[in-house]
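Structure first, then comments.
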Amino acid sequence: MSRLFIVNPLSARVAKKGAVLETLADELDIDCLRLDSFDGLPAAVTEAAKTGVSHVVIEGGDGTVQGILTAFLQQSDRFDALPSFTIVPAGMTNQVAKNIGLKSTSAKAVKSALSRDLTPQNVPLLKVTDDKGASYAGFLFSTGAIPQITRYTTGQIHKKGIGGSAAVFFGILKGLRGDDETLMKLTPVSMTGLYEGPHLGTVVTTLPSLIMGLDPFWGTEAAPLRLTWVTGQYRRLARNVISLWVGRKSKDRSQDGLYSKCVETLSYDYSGDIVLDGEFLSVPSGKFTVTVTPPVTFLR
């Protein structure tokens, strides 16, 4: 197996404690790409295809994973077979790694994991494509209040040194209080065939669960995109979120303005903020689709 290590030196844990993979790369004689700038990533992916890399180990947070996977999927036709991936969590929240990454970040644990047969998990990613053809791959997409809470979390909570699940919890709590219009601002959205009008937000994922046990999806259709949206006429939001948090998935919440479905594809017309794995995307026209990629193999 030909391996490539990729490290984001700006990821929270790497910046604070140093890169585990850089240390192991020397010891194991494995090429290690340090992403001081993402500008060089496309060329690095092209080189990985030429040299037959079959396993990519990523050390970084959710945004790093999203950027790297997007780059590899954009050049998937250059590979005989797309590499498998392993995630070493190194960001502030590590939502993706908690689902499909390694559990430990110590050099000893990572080295041990890479020395044995890892368990494969095949997961499709979200594919967000704008009307100009630009596309991004990731795992958790949102509009409306969640980008607003994301901006608050990164701008206020992270600056206080609070990261991980605690930061997510405080951000959600701030939003659920409902006393800050900048976090709970209604915005107009159109999702073809599903909803058109003011909304508090949408959230879409292909992950089997989300952080801290909160998995706000209860659609039962046989389709890969798990979607929940909250209309502008919502009520009892905190009560419904708590109910979902404790696993009450069978309740109809439409009377409270909350809906959930599993769908094959989504077509948006939306001019507000959009976030994919914690990273803000720019789609000036506001027109984009969300579909899924072919399954990608993650080893853990």
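For the pair ASP26/ALA222, report the inter-label distance in nm, with labels modelled 7 Å from Cα in the Cβ direction.
5.5 nm
Where Lys and Arg each count +1 and Asp and Glu each count -1, what net charge lies around GLU221 among other residues with Cβ under 11 Å from its Cβ?
Net charge in that neighbourhood comes out at +1.
Relative contact order for the chain: what percent, with Cα pairs under 8 Å and sequence separation of 6 or more? Walk me through the numbers before you get to the answer.
Numbers: 596 pairs, mean separation 61.4, N = 300.
Answer for the chain is 20 percent.
Once the Cβ-Cβ distance between GLN75 and LEU214 is put in as r, and R0 is 35 Å, what FRET efficiency do you end up with, to the nearest 0.05? Let's see the in-between values first.
Working: r = 34 Å, r/R0 = 0.99.
Taking R0 as 35 Å, the efficiency between GLN75 and LEU214 is 0.50.
Could you order TYR270, TYR195, TYR259 so the one with the most accessible surface comes first? Probe is 1.4 Å.
Highest to lowest solvent-accessible surface, that is TYR259, TYR195, TYR270.
Given a 1.4 Å probe, how much area per residue of the stretch 1-92 is accessible, in Å²?
That works out to 44 Å² per residue.
Output the antiparallel fraction of DSSP beta bridges having both residues in the chain, as a percent to the nearest 5.
75 percent
Want the number for GLU264 to ALA15: 0.36 nm per residue separation, take away the alpha-carbon distance, what's left?
Between GLU264 and ALA15, full extension yields an extra 85.7 nm.
7 Å from Cα along Cα→Cβ at both SER250 and ASP131: what's the point-to-point distance in nm?
Each label point is offset 7 Å from its Cα along the Cβ direction, giving 4.4 nm.
Just the accessible area for GLU264, please: 1.4 Å probe, Å², rounded to the nearest 10?
We get 110 Å² for GLU264.
Given the pairs LYS98/LYS261; LYS127/LYS185; LYS16/LYS108, which are separated by over 21 angstrom at their Cα positions?
Where the Cα-Cα span goes over 21 Å, the pairs concerned are LYS98/LYS261; LYS127/LYS185.
Got a sec to turn the phi values of the stretch 258-265 into Karplus ³J(HN,Hα) couplings, 6.51 cos²θ - 1.76 cosθ + 1.60 with θ = phi - 60°, whole Hz, x for Gly and Pro?
10, 9, 8, 9, 9, 9, 7, 7
For a protection proxy built on the mean count of beta-carbon atoms within 10 angstrom, sort 222-229, 107-114, 75-82 highest first, please.
In descending order of packing, they fall as 222-229, 107-114, 75-82.
The stretch 16-88 to the stretch 106-133: how many Å between their Cα centroids?
Cα centroid of the stretch 16-88 versus Cα centroid of the stretch 106-133: 10 Å apart.
In whole percent, and with a 1.4 Å probe on the protein chains, what portion of the accessible area of the stretch 236-300 is carbon and sulfur?
The value for the stretch 236-300 is 53 percent carbon and sulfur by accessible area.
At 1.4 Å probe size, what's the solvent-accessible area of LYS287? Round to the nearest 10 Å².
Counting only protein heavy atoms, LYS287 exposes about 100 Å² to solvent.
Please give the charge dipole size of the chain, origin at the Cα centre, charges +1 on K and R Cβ atoms and -1 on D and E Cβ atoms. Round to the nearest 20 debye.
Details: 31 positive and 28 negative charges, 239 e Å.
The dipole of the chain has a size of about 1140 debye.
The values are calculated or read from the model by the stated rules, or taken from the named source; none is laboratory data. Not measured: the values here are computed from a predicted model. Note that each Cβ is placed from the backbone with ideal geometry, even for glycine, and that neighbours are counted across all protein chains shown. Only protein heavy atoms, including side chains, enter the accessible area calculation; ligands, DNA and RNA are left aside. Shrake-Rupley method; radii C 1.70, N 1.55, O 1.52, S 1.80 Å.
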